[in-house]
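Engineer: One structure coming up, written as structure tokens, with questions to follow.
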Amino acid sequence: MSSPVPVYVILSRVHTNQWDDDLQTTVPGWSIKARWSNTGTVLPVFVPDSVYTPQTVDALIRAAGANDEQIHKLGR
């Protein structure tokens with residue numbers, strides 16, 4: 001019996017700063033790369049420290065993955 005394929009796999013997680021246009025300053029947070037299983041695409045996601053929780057990370061990766069799936073459907 002095999003294990004189900006995960007929806008995504010986190011490949012890397014690096015703490016960094018990213019520019020925020022709205023705030024006009026840099027924001028500390030985590031730059032995460034995850035491979036979306038359905039398309040094989042590596043999705044970059046930035047999660048500010050202020051909202052860094054497992055739930056937020058999961059939600060942002062799933063939103064990026066859903067968007068990626070819609071883009072992949074355009075070529076069909």
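The values are calculated or read from the model by the stated rules, or taken from the named source; none is laboratory data. On a predicted model such as this, the values are computed, not experimentally measured, just so you know. Here Cβ is always computed from backbone atoms with ideal geometry, including for glycine, and neighbour counts include all displayed protein chains.
Engineer: Test Ala66 against the stated conditions and say whether it is out of contact with any strand residue (DSSP E or B) (no Cβ under 7 Å at 6 or more places or on another chain) and surrounded by 11 or more Cβ atoms within 10 Å (Cβ to Cβ). Explain how you work it out, then say what you get.
Structural biologist: Values: out of contact with any strand residue (DSSP E or B) (no Cβ under 7 Å at 6 or more places or on another chain): yes; surrounded by 11 or more Cβ atoms within 10 Å (Cβ to Cβ): yes.
So Ala66 fits the description; yes.
Engineer: Give Ile32, Ile71 a once-over and let me know the one that is among the aliphatic types (A, V, I, L, M) and farther than 14 Å from Val9 by Cβ. First the steps, then the outcome.
Structural biologist: On the way: Ile32 fails: farther than 14 Å from Val9 by Cβ.
From the options Ile32, Ile71, the qualifying one is Ile71.
Engineer: Return only the number of the condition from (1) out of contact with any Gly (no Cβ under 9 Å at 6 or more places or on another chain); (2) surrounded by 12 or more Cβ atoms within 10 Å (Cβ to Cβ); (3) at pLDDT below 95 that Pro4 does not satisfy.
Structural biologist: Of the numbered conditions (1) out of contact with any Gly (no Cβ under 9 Å at 6 or more places or on another chain); (2) surrounded by 12 or more Cβ atoms within 10 Å (Cβ to Cβ); (3) at pLDDT below 95, the odd one out for Pro4 is (2).
Engineer: Output the number of residues of segment 17-74 satisfying the condition of being more than 27 Å from Pro4 (Cβ to Cβ), of a type in the set (Gly, Ala, Ser) and over 11 Å from the mean Cα position of the chain (by Cα).
Structural biologist: Counting residues in segment 17-74 that are more than 27 Å from Pro4 (Cβ to Cβ), of a type in the set (Gly, Ala, Ser) and over 11 Å from the mean Cα position of the chain (by Cα) gives 2.
Engineer: Scan segment 7-26 and tell me whether some residue there is among the charged types (D, E, K, R) and in a strand (DSSP E or B). Before the answer, list the steps.
Structural biologist: Residues of segment 7-26 that are among the charged types (D, E, K, R), as a first pass: 13, 20-22.
Pick out the ones that are also in a strand (DSSP E or B) and you get 13, 20.
Yes, segment 7-26 has at least one match.
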